[in-house]
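**Q** Take a look at this one; I'll ask things after.
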Amino acid sequence: MYRLPRFMILAKRLPSAFTRSSAILALLVAPLQAAESPTQAYPVQTTPMSGGDGSVEQFDHNAYSLPLGNMSMTKRLDFSVGNSFFRNPWVAAPASTEARDGLGPLFNTNSCQGCHIKDGRGHPPTGDESPIALFLRLSLPAQQAEPEVLEQRGALPVPNYGLQLQTAAISGAEPEAKMLIDYRPREVTFADGTSVTLQEPVYSIAEPAYGELPEDLQTSPRLAPPMIGLGLLAAIPEADLLAAADPDDADGDGISGRANQVWDLRTGSTVMGRFGWKAGEPSIEQQGMHAFAGDMGLTSSLVPQTDCMPSQGCDNFPNGGNPEVSDDVADFVTFYASSLAVPMRRNMDDPAVQRGAERFNALGCASCHTPRHRTAADAPRPALADQIIWPYSDLLLHDMGDALADKRSEFKADGREWRTPPLWGIGLAQTVNPRAGFLHDGRARTLEEAILWHGGEADEATEGYLELPEDQRAELIRFLESL
């Protein structure tokens, strides 16, 4: 069995107290009143319309699956067609379902919905389950690659295995390997003496079927993220996002967000990335077509090659056409992915939620989880144009410390950096999928666990959270649950 290097973790017990000035301690521990809050630089959301006019009032297991509320009826037909190709399984070729054949021969899942459960988060496998919504990115150290490879692919593929570990295969083909996960307990203690036991994942690869894995193999676990609001995120002006970047921390606040620079297949040039766990994709379309290729082994006009390496013999199996995902289907799926609405916020009049919102800002969480944006007035679709939205993300890369480091670069993102994930709708994540996990690999079972894993640029905020008494921690969680 090939044992991966142990992934990060809090190497020592977090101290139970931190040195802080009396003014900062007063800010973190005392009840916060909006009138005297020093955090006015960060807006507090006062409208339930987190996704602008397209927000929807849906709070059950279908909360993530509705079209934009302000979308025309004619466009809803396109949404429904896209939904059918997103939801229904693809099959191996040849098949009578010609519009959805060509699966594999190597793949991770047979449908988009298989990973993005009810359009929401995936979950890690348990027991003897096969991993579906969680997979491993693969690569070799970047210094071994030619500059052009890094510029256009973001990482150096592994011989015989490519850039992603495929753990399933059609009949007659061999899956690349098995991905195994062990969890080790890790205790974190609050200043008031209470504690939480985190679970530290340790990944390994067993039974590689296409040759030995290299000793310097780099891996990165990735869990399927929620799909809501992607079209709105795409419509935020790039200039607004870049204006918030501070790669050298020129203002000295300890927050050094920066934009990833990635290859755009449509333009054949390097542009800003904003989608994916490391902002490695420039557009919803490219993210989707790469998912078809890597997750399901399906070609498209934009991504005509899957992650199968020549030595693996995938060309010996029947295909589902050239390309397997037709341009029409690709357009419908991209439209669907860009049209999923954001649920409205709930319980905003609850005083505990309001205090939690103020404390979220006071701790500095809003420094990366930027509450408010405005989409471009000239966005290509009217339903997405000129909307005030509350995604709680700057879409920039941030150093999250050793505990969350995957030690694998992707374009300009290094092994400690992750894109700030949007928080809108997060309070419904486990309503949509009761087994949903948080963070890039689902290791956090609760929102509090997700907070406690934050390090690097988030160290001060996490330490501040550890100092809070239990009732104030609960208020912050109540705020997150309201999103």
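**Q** Return the residue satisfying two criteria in turn: it lies in region 333-347 and is among the hydroxyl-bearing types (Ser, Thr, Tyr) and either assigned to a loop (DSSP other than H, G, I, E, B) or more than 19 Å from residue 300 (Cβ to Cβ) (or both), and of such residues it is least open to solvent (accessible area, probe 1.4 Å).
**A** Keep residues of region 333-347 that are among the hydroxyl-bearing types (Ser, Thr, Tyr), which gives 334, 336, 338-339.
From what's left, either assigned to a loop (DSSP other than H, G, I, E, B) or more than 19 Å from residue 300 (Cβ to Cβ) (or both): 338-339.
On the way: 338: 16, 339: 0 Å².
Once the filter is applied, the top-ranked residue is 339.
**Q** For region 227-264, which residues satisfy the criterion of being acidic (Asp, Glu), closer than 24 Å to residue 439 by Cβ and open to solvent by less than 30 Å² (accessible area, probe 1.4 Å)?
**A** The one that is acidic (Asp, Glu), closer than 24 Å to residue 439 by Cβ and open to solvent by less than 30 Å² (accessible area, probe 1.4 Å): 246.
**Q** Another one. Restricting to region 361-379, give me the number of residues that are open to solvent by 10 Å² or more (accessible area, probe 1.4 Å) and in a helix (DSSP H, G or I).
**A** 3
**Q** Of all residues in region 139-163, how many are crowded, with 17+ Cβ neighbours inside 10 Å, farther than 20 Å from residue 260 by Cα and in contact with a strand residue (DSSP E or B) (Cβ under 8 Å, 6 or more places away or on another chain)?
**A** Residues meeting the conditions: 3.
**Q** Return yes when residue 428 is under 20 Å from residue 371 (Cα atoms) and in contact with an Asp or Glu (Cβ under 9 Å, 6 or more places away or on another chain) and no when it is not.
**A** Details: under 20 Å from residue 371 (Cα atoms): yes; in contact with an Asp or Glu (Cβ under 9 Å, 6 or more places away or on another chain): yes.
Yes: the conditions hold for residue 428.
**Q** Follow-up. When only residues in region 194-226 that are hydroxyl-bearing (Ser, Thr, Tyr) and surrounded by fewer than 15 Cβ atoms within 10 Å (Cβ to Cβ) count, which is nearest to residue 113 (Cα to Cα)?
**A** Ranking the candidates gives 197 first.
**Q** If I ask for residues that are open to solvent by 20 Å² or more (accessible area, probe 1.4 Å) and among the acidic types (Asp, Glu), which ones from region 395-436 would you list?
**A** Selection gives 399, 402, 410, 414.
The values are calculated or read from the model by the stated rules, or taken from the named source; none is laboratory data. None of these values were measured; they are calculated from a predicted model. Neighbour counts are summed over all protein chains in view; Cβ atoms, including those assigned to glycine, are modelled from backbone coordinates with ideal geometry. These accessible areas exclude ligands, DNA and RNA; they are computed on the full protein's heavy atoms, side chains included. Shrake-Rupley method; radii C 1.70, N 1.55, O 1.52, S 1.80 Å.
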